[in-house]
Amino acid sequence: MIRVKAKPSILALVFLCIAFNSAGTAHAVIPQLLGPLSALLSIIPQILAVIGIAFLTVFVFARDWLKGLFYRIGESTPLKAITLILILTLLGGGAWVIYRGLQSGQPYAMTTTNVQLAKHDWPAFRGGIARTGQLDNLPGPTHPTVSWSFKGKGGVVVDFSSSPAVVGSRVYITAAQGSFFSSGGAVYCIDANSRTDLWGYDTPVQIFSSPTVVGGRVYVGEGFHQDADCRLHCLDANNGGAIWTFKTASHVESTPFVSQRKVYFGAGSDGLYCVDALEGKEIWHYPSIHVDMSPAVWKGKVYFGTGYGEYRIYAVDANSGAEIWSKRVDYPAWGSPSADGDTVFFGLGNGNFIESAEVPKGRVTARNAQTGEQIWEYEAEDSVLTAIAYRNGSVYFGSRDGHVYALNAADGALGWKSNIGHSVVSSPAVTESSVYVGADNGVIYKIRINDGRVVWQFDTDRINGGKPIYSSPAIANGKLYIGLKDYLLCLGGEETMKETLGLDDQ
């Protein structure tokens with residue numbers, strides 16, 4: 001039998017086929033957060049295969065040229081020096097990239113000089129128990145003028161789907177981010193006036209949780225639904241330095257609620273935790289349920305719900321975690337609750353942030369804060385995933401049915417129903433005269449609070465490609481701050497200062 005020796009060109013073709021066949025398509029674990037990053041990561045095997053083929057091709061078909069090149073380098077001292085510099089540069093750059101890829105999961109802080117923080121704290125998702133997205137009571141922007149936009153530093157893809165917290169002249173926001181070699185999360189602190197990146201803090205896992213800021217500290221969870229063994233982080237609000245972390249058995253999508261030197265947060269399938277705000281030590285743990293929403297702390301009780309297993313809403317003692325009441329509800333409990341007086345409000349519904357259920361259902365339920373008994377319920381046409389904002393006797397929320405609602409907080413009577421025409425999973429920011437909300441068509445809307453009329457709309461397509469908005473707006477200093485897929489956006493200019501002199505925010 002005659003054995004035929006494979007030619008080099010055939011070997012190269014075989015190598016090419018094997019490389020590309022082994023480089024299967026990578027699927028994004030969380031497409032709504034890291035779609036662009038997943039696309040980059042998915043082509044890495046193909047890129048490496050192409051580089052390998054290039055080297056193999058040069059070696060097989062241009063060996064004589066390579067020999068001549070090496071000979072000329074060996075005979076020339078300047079060429080030797082240049083070649084050595086190039087090799088060292090490539091090796092150094094490769095080592096740095098690999099090192100950053102391996103170390104990106106380790107927290108670090110980029111610090112600046114300490115800056116005195118403002119008086120207002122931001123202790124919960126949407127700023128406080130009313131979930132209005134503002135604390136200073138100044139009007140929001142009259143016109144949707146772009147003040148500035150911020151994108152993460154370095155060669156990373158950044159997703160600001162979390163919601164900003166604004167304390168004085170500082171904006172705090174979290175992100176999912178990644179590069180070719182790694183993915184993770186980040187916390188950013190940005191000067192609200194100059195857009196300056198004051199500090200950043202990296203986490204080993206991507207972040208969906210929004211930051212809360214109390215007493216010069218930032219509290220934020222890490223992880224998304226598929227993640228386990230995630231942590232709650234406590235950082236120095238001045239410089240981003242890590243103070244402590246608290247490990248859970250699951251993920252911390254929940255935005256923590258800070259009250260009376262305690263931090264309350266949901267930890268996915270690991271239940272609800274209460275830890276000491278100063279030292280990060282566990283005070284109590286309510287296990288055996290899945291909690292992703294931001295809990296509400298009100299008059300000595302903690303209110304929360306679950307969207308897994310048996311759908312229920314709960315009230316437990318804020319000091320001990322002992323259950324006070326739990327009530328079964330018809331739909332998953334996703335919307336972070338708010339409270340006023342003796343009433344607590346929950347948003348309910350099926351589906352998720354990305355799509356509606358086959359048979360969509362949504363509802364807002366008002367419960368007696370002491371007993372959990374139903375006071376009223378309002379049925380929406382699709383899921384209510386937003387927090388329920390309370391202001392001046394009314395509650396405001398968005399729905400996947402494409403509407404923003406205003407209801408009487410006492411009896412649930414419809415005040416108005418504003419047709420946005422696109423799903424709303426971004427929780428509304430509510431000022432004395434306006435409601436601001438983002439929709440999944442990438443548009444930010446300003447709605448008049450007394451009748452639901454849309455005053456203006458701002459299409460983020462020119463900045464962000466019109467991608468869906470999951471972040472909820474914050475109103476502070478007369479401006480609007482909101483996270484987008486690739487940017488943190490600030491709307492509002494000098495004209496808002498006129499409103500502080502008594503002009504109407506219309």
Pairs, please: C-beta under 9 Å, at least 6 apart or cross-chain, first residue over 17 Å from Cys189 (Cβ atoms) and surrounded by fewer than 24 Cβ atoms within 10 Å (Cβ to Cβ) and in region 476-490, second modelled with pLDDT under 95 and aliphatic (A, V, I, L, M)?
-> Gly478/Leu138; Gly478/Met497; Asp486/Val157; Asp486/Val158; Asp486/Ile463
Just give me the residues in region 444-472 being surrounded by 21 or more Cβ atoms within 10 Å (Cβ to Cβ) and in contact with a strand residue (DSSP E or B) (Cβ under 6 Å, 6 or more places away or on another chain), in sequence order.
-> Ile444, Tyr445, Lys446, Ile447, Ile449, Phe458, Ile469, Ser471
Limited to region 183-204, what total is found for residues that are more than 23 Å from Trp122 (Cα to Cα) and buried (at least 20 other Cβ atoms within 10 Å of the Cβ)?
-> 2
Checked region 390-412 for anything surrounded by 20 or more Cβ atoms within 10 Å (Cβ to Cβ) and not small (Gly, Ala, Ser); matches are Tyr390, Arg391, Val395, Tyr396, Phe397, Arg400, Asp401, His403, Val404, Tyr405, Leu407
Could you tell me which numbered condition Gly266 fails, if it satisfies all but one of (1) buried (at least 18 other Cβ atoms within 10 Å of the Cβ); (2) on the phi > 0 side of the Ramachandran plot; (3) in contact with an Asp or Glu (Cβ under 8 Å, 6 or more places away or on another chain); (4) not hydrophobic (A, V, I, L, M, F, W, C)?
-> (2)
Lys485 fails exactly one of the following numbered conditions: (1) within 24 Å of His143 (Cβ to Cβ); (2) at pLDDT 95 or above; (3) not in a strand (DSSP E or B); (4) not small (Gly, Ala, Ser). What is the number of that condition?
-> (2)
Taking region 246-289 as the region of interest, how many residues are over 22 Å from Gly215 (Cα atoms), outside any strand (DSSP E or B) and in contact with a strand residue (DSSP E or B) (Cβ under 6 Å, 6 or more places away or on another chain)?
-> 4
Enumeration of residues in region 381-410 that are in a loop (DSSP other than H, G, I, E, B), under 20 Å from His422 (Cα atoms) and touching a residue at least 60 places away in the same chain (Cβ under 8 Å) = Thr386, Ala387, Ile388
Among the numbered criteria (1) under 25 Å from Tyr390 (Cα atoms); (2) touching a strand residue (DSSP E or B) at 6+ places or on another chain (Cβ under 6 Å); (3) surrounded by fewer than 24 Cβ atoms within 10 Å (Cβ to Cβ); (4) in contact (Cβ under 8 Å) with a residue 60 or more places away in the chain, which single criterion is violated by Val316?
-> (4)
Just checking, which of Ile207, Ile173 is crowded, with 24+ Cβ neighbours inside 10 Å, in contact with a Leu (Cβ under 6 Å, 6 or more places away or on another chain) and either free of Cβ contacts under 8 Å to residues at least 40 places away in the same chain or not small (Gly, Ala, Ser) (or both)?
-> Ile173
From the set of residues in region 269-300 that are of a type in the set (Gly, Ala, Ser) and within 24 Å of the chain's Cα centre (by Cα), which is surrounded by the most Cβ atoms within 10 Å (Cβ to Cβ)?
-> Ala296
When region 334-355 is checked residue by residue, the ones that are modelled with pLDDT under 85 and either part of a strand (DSSP E or B) or among the acidic types (Asp, Glu) (or both) are Glu355
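The values are calculated or read from the model by the stated rules, or taken from the named source; none is laboratory data. All values derive from a computational prediction rather than experimental measurement. All Cβ positions, glycine included, derive from the backbone under ideal geometry; neighbour counts span all protein chains shown.
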